[in-house]
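> Can you read through this structure? Questions will come right after.
Rule-based calculations on the coordinates, nothing more; no lab input. As the structure is a prediction and not an experimental result, all values here were calculated from the model. Virtual Cβ from ideal backbone geometry, glycine too; neighbours counted across all protein chains shown.
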Amino acid sequence: VRELLKPFRTSEGLRQWQVANPSTGQLFKTYAEALEAGSLHELLRPSNFPPSMNSAESLELSKCLRVLPHHNDTGAFFIAVFDKVSDLVLKPDFAAGESMLSGVDTTFAAISGGPEQDQESQQQERGSKQCNQQLLCYKSVAQAMPDQVAQLRLFLGLSRFPMQLLFCRYDLKGHADEEQIHQHLGMANQLVLFAGEAAKILRWSAEEHATQKLRVVAGGLRVFVREPFGVAPNSSPFRLAQEAIHVVLPYVGRRLIVLESPSDAQHLLAGDGGDVTTATLLSPEKDKLEALGPGSFVLVLKT
């Protein structure tokens, strides 16, 4: 497959990697190492870790393809080809999950009305209630998380960025012990930018106070993404999303590093995900780069 994709540039799949504890950010090479350190988490599973280097599974991993954003000016992708050799049989835990989802459908039916309603009527009302719940997912970040937005603005020097156009979208979460579907009021993981007029319509028609709801299936440009492994002191809980860097760049006043040497850019971007040293950099802002603490930053090649 790699040969068929040329000149599109790809990298081999990794056979070794480290896995971070989602709560502490501590890195481990094996599941046994995490257990020994007492670093347990519900999302930290044995299958997250690479197989033994001597195993047949490990040898197969190098046949996968990784597409890195800076190699072809694209998004990042992971490509693997699977051969189906038999039918899928649901394991007990998957079957339980399927049963729980069926319970959600029953919940909506209970909201819609009693057995005297015909099936078509119940489906219509159920869909309407589900839609109304979905409408509450979008909130202006200025209202939903003012402290975190102020921290993000200070961290990247975004004094002129139009935060009033930025929204967060919350997920829906069903509660098995109650006869309704509640909005999940946890932390939004993505901040989405809308055009000025679209932002006005969204505020008027999709927030909680709106009497006539607007159903938003998808929209906006993902600009910031929540850091998945905790936040260092004096940092920001959000990092820049790659697809919006050209939009945000004119507003970035801090943590912006200008590279004046193409060889510096090549050195920093040519690696396949390993550690990169700054000792050989030629650009005057080398010291500024080395002094950066953890968190998002922008590299700009001066041409």
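> Please give the FRET efficiency for Leu88 paired with Tyr31, using the beta carbon to beta carbon distance and R0 = 30 Å, rounded to the nearest 0.05.
Result of the calculation: an efficiency of 0.75.
> Kindly state, to the nearest 0.05, the FRET efficiency for Lys288 paired with Leu43, given R0 = 30 Å and r defined as their beta-carbon distance.
Step by step, r from the Cβ atoms, then E = 0.25.
> Relative to the present Cα-Cα distance, how much length would full extension add between Ile201 and Phe78 at 0.36 nm per residue of separation?
So the chain would gain 40.6 nm between Ile201 and Phe78.
> Can you compute 3J(HN,Hα) from phi for each residue in region 76-88, using the Karplus curve 6.51 cos²θ - 1.76 cosθ + 1.60 with θ = phi - 60°, rounded to whole Hz and x for Gly and Pro?
Listing the rounded values in order: 9, 9, 10, 10, 9, 9, 10, 9, 7, 10, 6, 6, 7 Hz.
> Residue separation times 0.36 nm, minus the C-alpha to C-alpha distance between Ser23 and Arg9: what's the value?
1.6 nm
> Once R0 is set to 25 Å, what does the formula 1/(1 + (r/R0)^6) return for the Cβ-Cβ distance between Ser159 and Ser263, expressed as a FRET efficiency to the nearest 0.05?
Computed FRET efficiency for Ser159 and Ser263 comes out at 0.15.
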